[in-house]
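Remarks on the structure that follows.
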Amino acid sequence: MTRLQPQSGPLPHAEPTGASAPFWAGCASGELRYQRCRACAAVTSPPVETCRECLSADLAWEVSAGTGTVYSWTVVHRPATAAFAAVPYAPAIVDVAEGFQLLTNLVDVAPEDITAGMPVAVRFVATADGPTLPYFAPAPASPEETLP
Amino acid sequence: MPGSSRRAAIVGVANTAQARRLEGATSRGLAVGAALAALDDAGLTLDDVDGISGDATAAALLYDLRLGPAWLGRQFGIQAVTEAVHAVEAGEADVVLVVAAEAGAYTDRSATAPWTRPENEFVVPFGLFTAAEFALVARRHMITYGTTPEQLARVAATIRTNGSTTPGAVYAGRGPVTVEDVLASRMVADPFHLLDCSMTSEGGCALVIAATDRAADTASTPVHVLGSGSDHAGPAYRHPPAWDLAGRRGGPVLGRIGERAVGRAFAQAGLDRADVDVLELYDPFSFEVIRQLEAFGFCGPGEGGPYVDDGHIGLTGRTPVTTDGGTMAFSHAGAAPQMFQRVVRGVQQLRGDAGPNQVPDARVALCSGGGAGALFTTVVLLGTEVP
Ligand SMILES: [Zn+2]
């Protein structure tokens, strides 16, 4: 089967809240941001106002390297709304390397080639009239692996 | 309550007609019809009712039916039933109607239930909807335990076949459904084929809950609420439904949500799994039944697929499941009615009113609502007698 493509039309989206605005601003500038608690070092995403571990409000934004592995996924053949015209598409939960999970779509991979634990890397895609979304695609092979 | 030994029982139940579309029907009209039918089943009238619950329309129904002043419930699904039981047992009301109905919700002809479409900023742009949410949970179980699409299909085939022999089911009379039928239906959200998923439909239902001193006068055999429990992990459809989502106290992760709730229910009842004759499990998607069998302790972690393969969920098996066809074949009529319908069916089984799919000598039923994909699971244990 052909490789999964990002959606190209306008997508339903919600306005960022106060806590989440830096996340979406990061996506627009090519950074996958997440929060780390300055009090207890716990990592959290999606954004919160207070640490889910120790309740501190002293949260710092950090930038992820944008790599991770596939935790779970599905391939949707019948979308909930017509806005998702690029069918099939693959909602997934990715374990991001810094220690949080992100809901995303997998792209640039054939549905039958998706496997549990597959290395993936973030790929930012600007949507029409909406936010830039952090999709994930198979990670490029590491330098050691490309040596002859 | 201190010193209170008052008990409540379910003394009447009713389903309205159920169909993919009930032409000309309104939610209010169906709700009134369901309420009157359940009261008739109980041998009571509106004049006896001093409490109502069901869904967000309950207050309006209270006004329209001139029930006030009356107790008003605010809970959802199975918890609305247990909330009503608790209100009666606490002495806040004597006879409570639990009623809900839905018609006209699918006017945009969408294939998914409107109340399940996520609007959260981290979910909605990625095309999530219930089938995809529950598929993410199912996939993680398949990764971890090797559960197969055939085992999922076995659940769907079993429940759909139950629906085909249930009078009044939306898909009554359609004939048996096989594993091959399920696997041959088109893919919706891998691993869920169309026949792994609940339908969309319209209809209503109602239950009457009364103090047992009132129940002595009612027409039907009272069914007792022996125990109940509720597990929630957060708001539905806003966070990744990760199997391993955990809370700060430890305890079961999201993938086993309901384990704590069912443990509480059995402890209240003084019963255990072996005492249960029939499982009226909420069946939004085939895998959710396998998950509940494990979380509720009818088999070990990861053993749900083989348990289903061994035939234990069939009508003649160890634990018959969802004997009227559930949301796959009986009806999936709105957010609240579909949850109450598991309890209605449990009552029918314990009263011997379950028709062709009656489980012989059923005395204890476990009914459930919710699901890991929606971050909650609620349960109620019903019995023909108080232990
Ligand atoms: Zn902290």
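The values are calculated or read from the model by the stated rules, or taken from the named source; none is laboratory data. Since the model is a prediction, treat every value here as computed from it, not as a measurement. Positions of Cβ are generated from backbone atoms using ideal geometry, with glycine treated the same way; all protein chains shown enter the neighbour counts.
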**Report entry** Boolean, A:SER45 is facing chain B (nearest Cβ under 10 Å), within 16 Å of the ligand (Cβ to nearest atom) and touching a residue at least 40 places away in the same chain (Cβ under 8 Å)
**Finding:** yes
Query raised in the report: When residues of region B:251-275 are filtered for being under 30 Å from B:PHE129 (Cβ atoms), away from chain A (no Cβ under 14 Å) and not in a helix (DSSP H, G or I), how many remain?
Result: 4
Report summary line: Selection from region A:22-39 of residues within 12 Å of the ligand (Cβ to nearest atom) and either closer than 19 Å to B:LEU245 by Cβ or part of a helix (DSSP H, G or I) (or both) yields A:GLN35, A:CYS37
Query - Among the candidates B:GLY383, B:GLY334, B:GLY346, B:GLY370, residue that is in contact with a His (Cβ under 8 Å, 6 or more places away or on another chain) and in contact (Cβ under 8 Å) with a residue 60 or more places away in the chain - result: B:GLY383
Query raised in the report: Say we look at region A:48-81 and pick out the residues that are part of a strand (DSSP E or B) and of a type in the set (S, T, N, Q); which of these is farthest from the other protein chains (Cβ to nearest Cβ)?
Result: A:THR67
Query raised in the report: Could you list, in sequence order, the residues of region B:252-307 that are farther than 24 Å from B:TYR145 by Cα, small (Gly, Ala, Ser) and more than 18 Å from the chain's Cα centre (by Cα)?
Result: B:ALA267, B:ALA269, B:GLY270, B:ALA274
**Report entry** Selection status of A:ALA19, farther than 18 Å from A:THR104 by Cβ, within 16 Å of the ligand (Cβ to nearest atom) and at pLDDT 95 or above
**Finding:** no
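Name the strands (runs of 3 or more DSSP E) wholly within region B:184-250 that hold at least 1 residues that are surrounded by 22 or more Cβ atoms within 10 Å (Cβ to Cβ) and within 14 Å of chain A (Cβ to nearest Cβ)?
Fully inside region B:184-250 and qualifying: B:187-189.
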